[in-house]
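The structure appears right after this line, and notes come after that.
The values are calculated or read from the model by the stated rules, or taken from the named source; none is laboratory data. Computed from a predicted model, the values in this text were never measured in an experiment. Because the Cβ atoms are built from the backbone with ideal geometry, glycine has one as well, and the counts that use them run over all protein chains shown. The accessibility values were calculated without ligands, DNA or RNA, using every heavy atom of the protein model including side chains. Shrake-Rupley method; radii C 1.70, N 1.55, O 1.52, S 1.80 Å.
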Amino acid sequence: MQNGEIIRMDSVDDYNRFFGLDTEHPLVSVVDLSVATKWAERARFGYGIYALFLKDVRCGNIKYGRRDYDYQAGTIVSFAPGQVVDVELEQGSRPSSHGLLFHPDLIRGTELGRAIKGYSFFSYESNEALHLSEDERVTIMGCLQQIADELRRPSDRHSRRLIVANIGLLLDYCMRFYDRQFVMRTEADSDVLVRFEQILDEYFDSDIPLREGLPTVRYLADKVFLSPNYFSDMISRQTGHTASEHIRSKVIGLAKERLLSSDKTMSQIAYELGFQYPQHLSRMFKQVVGQTPNEYRKLG
């Protein structure tokens, strides 16, 4: 394998063949990497399937996005189609984790297929892994075992529905455990919230809006070294409002202040805040405040 070469994992069988594992079903597999017969000490995988791994013991690092992550025992990382992941094993180690792989075609047209984008942790970065308690680990392993048991049974008209239902149950547990982790990380996340407000202040106190427009959630997440999905979920769980709603609230607050404290036209204010078209600020202002900017200024 050439340095930096991306190994495509576009099917369940692609993954299993790379690690020397058997493929029992073309669209889904429960894997135990401790019994892998092949592996590479360093590899870059390009996923075309969904993958979720529960680490058994510490044996190496994973990198997805901007940071390395010391992938400790008792953590879960997950990846969605389109993501590229770097894996590096410690010298003399072998892979050791349990995982679930499934192709998008398995859930296409199902309730899970329609809901899959709601499982935002598939787009979290590796440094935002889910850290499990021992009881939670037992629960996840039980879900994986249920799926594995169903895959070993002779296929019938119920098989796909039951497999997909059990995958959905596993993902729902992951959502629950992530919610618990967000609550436990309140102090650390509070620092991010403070930094979030500082970044917004710095952004609008500069001429960046004139050049770049309104700040995006991705821009703000990058500034605090988080993935957009994790950042959005953290903000929402901690405050009850989305990151986009916070940005909008900041914009409306600044627009109110400038309408009442300056003689600038509404169009000038809109451009200064990053709107390409002044009418977009007018529309947002009316939706939030219940008045147009000019009406607000006259009443103020």
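Of these, Pro215, Pro209, which one is assigned to a helix (DSSP H, G or I), buried (at least 18 other Cβ atoms within 10 Å of the Cβ) and more than 15 Å from the chain's Cα centre (by Cα)?
None of the others qualify; the one that does is Pro209.
Which members of the range 148-167 meet the condition of being in a helix (DSSP H, G or I) and either closer than 16 Å to Asp105 by Cβ or not small (Gly, Ala, Ser) (or both)?
Selection gives Asp149, Glu150, Leu151, Arg152, Ser159, Arg160, Arg161, Leu162, Ile163, Val164, Asn166, Ile167.
Please tell me if Gly240 is modelled with pLDDT under 90 and of a type in the set (Gly, Ala, Ser).
Yes: the conditions hold for Gly240.
Let me spell it out: the conditions are (1) assigned to a helix (DSSP H, G or I); (2) over 28 Å from the mean Cα position of the chain (by Cα); (3) not hydroxyl-bearing (Ser, Thr, Tyr), and Asp201 meets all of them except one. Which number is the exception?
(2)
Quick test for you: out of Gln238, Gln181, Gln198, pick the one residue that is farther than 19 Å from Tyr119 by Cβ, of a type in the set (S, T, N, Q) and in contact (Cβ under 8 Å) with a residue 40 or more places away in the chain.
None of the other options fit; the residue is Gln238.
If I ask for residues that are loosely packed, with under 14 Cβ neighbours inside 10 Å and out of contact with any Leu (no Cβ under 8 Å at 6 or more places or on another chain), which ones from the range 95-137 would you list?
Those that are loosely packed, with under 14 Cβ neighbours inside 10 Å and out of contact with any Leu (no Cβ under 8 Å at 6 or more places or on another chain): Arg108, Gly109, Glu111, Arg114, Ala115, Lys117, Gly118, Ser133, Glu134, Asp135.
Out of Arg211, Arg237, which single residue is of a type in the set (Lys, Arg) and within 30 Å of Phe79 (Cβ to Cβ)?
Arg237
List the strands (runs of 3 or more DSSP E) that sit entirely inside the range 1-74 and contain at least 2 residues that are touching a Leu at 6+ places or on another chain (Cβ under 9 Å), surrounded by 15 or more Cβ atoms within 10 Å (Cβ to Cβ) and modelled with pLDDT of 95 or more.
Values: elements: 6-9, 28-32, 42-47, 50-55, 60-63, 68-70.
Fully inside the range 1-74 and qualifying: 28-32, 50-55.
Select from the range 248-281 the residues that are open to solvent by 30 Å² or more (accessible area, probe 1.4 Å), in a helix (DSSP H, G or I) and either of a type in the set (S, T, N, Q) or more than 17 Å from Asp205 (Cβ to Cβ) (or both) and list them in ascending order.
Answer for the range 248-281, where residues must be open to solvent by 30 Å² or more (accessible area, probe 1.4 Å), in a helix (DSSP H, G or I) and either of a type in the set (S, T, N, Q) or more than 17 Å from Asp205 (Cβ to Cβ) (or both): Arg248, Ser249, Leu260, Ser261, Met266, Ser267, Gln268, Gln279, His280.
Please state which of the following conditions Glu245 fails to meet, knowing it meets all the rest: (1) assigned to a helix (DSSP H, G or I); (2) crowded, with 20+ Cβ neighbours inside 10 Å.
The failed condition is (2).
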